[in-house]
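S.K.: Have a look at this one.
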Amino acid sequence: MTEVYKMNRIEKKRAYFTAGVVTMFVGFALFSMLFVKLASEVREQETLEFDDAVLSSIHGMSNFFLEAFMPAATDIGGVVGVVALSFIMVALFIYKNEQRRALMLAITVAGAAGINLMLKSVFERARPDLWDTLVREPGFSFPSGHAMASAALGMAIVVALWDSRWRWWALAAATLYILFVGFSRLYLGVHYPTDIFAGWLVSGAWVMAV
């Protein structure tokens with residue numbers, strides 16, 4: 001009876017592992033294909049009308065509070081914010097003796113940063129120039145570094161905590177974090193919507209690969 005129970009547990013673990021691998025592979029393929037299609041349309045400038053319309057609509061929402069709040073708040077998805085949040089999460093995982101999760105998160109965030117620099121140099125898309133922005137950002141626009149970094153961090157945390165009791169809290173927090181960072185970049189006028197979408201897609205594929 002004990003042997004049968006052990007065999008059942010082993011079979012369940014194998015099935016769970018296989019399902020996880022298949023899910024990750026499908027996710028990687030889907031995110032990658034969507035990014036390739038989007039990148040092709042951006043290169044052909046087929047998205048400019050959509051990008052400009054969305055940015056103009058968001059710019060119409062401007063008010064005194066957002067003008068003061070967004071330039072500082074957007075940094076939560078920048079280098080300092082992402083590094084600080086990543087360090088805190090890695091330290092917590094190590095403290096909980098979860099080295100595998102800590103390593104996965106560190107590799108995901110660091111890799112996303114490297115991939116972003118590479119893709120920016122390939123596409124060399126200029127940043128939007130529709131109005132005088134509150135912040136000045138150097139470098140190219142596609143894909144958004146803030147969107148990629150925040151998405152990589154958020155999704156990595158969700159994956160790391162998916163088999164724990166914190167999964168839904170992690171999913172809710174990560175979703176709000178990713179959406180806020182993306183919106184802040186659009187409100188500030190330093191990225192097109194397609195830059196944000198591209199950042200999310202690349203990070204999605206990268207997280208699945210890791």
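S.K.: Can you tell me how many residues in the stretch 24-46 are in contact (Cβ under 8 Å) with a residue 24 or more places away in the chain and outside any helix (DSSP H, G or I)?
M.R.: 0
S.K.: Of the conditions (1) surrounded by 19 or more Cβ atoms within 10 Å (Cβ to Cβ); (2) in contact with an Asp or Glu (Cβ under 9 Å, 6 or more places away or on another chain), L130 satisfies every one except a single condition; which number is it?
M.R.: Only one criterion is unmet by L130, namely (1).
S.K.: Pick from V190, V159: which is modelled with pLDDT under 95 and farther than 26 Å from Q45 by Cα?
M.R.: V159
S.K.: A further question follows. Hey, any hits in the stretch 176-184 for a residue that's more than 9 Å from the chain's Cα centre (by Cα), open to solvent by 30 Å² or more (accessible area, probe 1.4 Å), modelled with pLDDT under 90 and not aromatic (F, W, Y)?
M.R.: The answer is no, given that none of the residues of the stretch 176-184 is more than 9 Å from the chain's Cα centre (by Cα), open to solvent by 30 Å² or more (accessible area, probe 1.4 Å), modelled with pLDDT under 90 and not aromatic (F, W, Y).
S.K.: Could you go through the stretch 60-74 and let me know if any residue there is more than 20 Å from Y177 (Cα to Cα), part of a helix (DSSP H, G or I), in contact (Cβ under 8 Å) with a residue 40 or more places away in the chain and over 17 Å from the mean Cα position of the chain (by Cα).
M.R.: No: zero hits.
S.K.: Residue check: is V135 β-branched (V, I, T) and without any contact (Cβ under 8 Å) to a residue 24 or more places away in the chain?
M.R.: Judged against the criteria, V135 is not a match.
S.K.: Just to be sure I understand the filter: pairs with C-beta atoms under 6 Å, separated by 6 or more residues or on different chains, first member in the stretch 110-129 and more than 11 Å from W206 (Cβ to Cβ), second member part of a loop (DSSP other than H, G, I, E, B) and open to solvent by 30 Å² or more (accessible area, probe 1.4 Å). Which pairs pass?
M.R.: Pairs that qualify, where the first residue is more than 11 Å from W206 (Cβ to Cβ) and the partner is part of a loop (DSSP other than H, G, I, E, B) and open to solvent by 30 Å² or more (accessible area, probe 1.4 Å), are K120/F140; E124/F140; R125/F140.
S.K.: Sticking with this one: For residues that are open to solvent by 70 Å² or more (accessible area, probe 1.4 Å) and of a type in the set (D, E, K, R), tally how many sit in the stretch 38-84.
M.R.: 5
S.K.: Applying the selection to the stretch 86-127, what residues are of a type in the set (A, V, I, L, M, F, W, C), farther than 16 Å from F142 by Cβ, under 19 Å from the mean Cα position of the chain (by Cα) and open to solvent by less than 60 Å² (accessible area, probe 1.4 Å)?
M.R.: M89, V90, A102, M104, L105, A106, V109
S.K.: Criterion first (over 24 Å from M70 (Cβ atoms), assigned to a loop (DSSP other than H, G, I, E, B) and of a type in the set (D, E, K, R)) does R127 satisfy it?
M.R.: no
S.K.: Here is a further query. Touching a helix residue (DSSP H, G or I) at 6+ places or on another chain (Cβ under 8 Å), assigned to a helix (DSSP H, G or I) and not aliphatic (A, V, I, L, M) - does that describe any residue in the stretch 8-23?
M.R.: There is no residue in the stretch 8-23 that is touching a helix residue (DSSP H, G or I) at 6+ places or on another chain (Cβ under 8 Å), assigned to a helix (DSSP H, G or I) and not aliphatic (A, V, I, L, M).
S.K.: When residues of the stretch 136-173 are filtered for being over 18 Å from M24 (Cβ atoms), part of a loop (DSSP other than H, G, I, E, B), of a type in the set (A, V, I, L, M, F, W, C) and open to solvent by less than 30 Å² (accessible area, probe 1.4 Å), how many remain?
M.R.: So the count comes out to 1.
The values are calculated or read from the model by the stated rules, or taken from the named source; none is laboratory data. Everything numeric here is computed off the predicted structure, so don't read it as measured data. FYI the Cβ positions are ideal-geometry reconstructions off the backbone, even for glycines, and counts take in every protein chain you see. Keep in mind that these areas ignore ligands, DNA and RNA; they rest on the heavy atoms of the full protein, side chains included. Shrake-Rupley method; radii C 1.70, N 1.55, O 1.52, S 1.80 Å.
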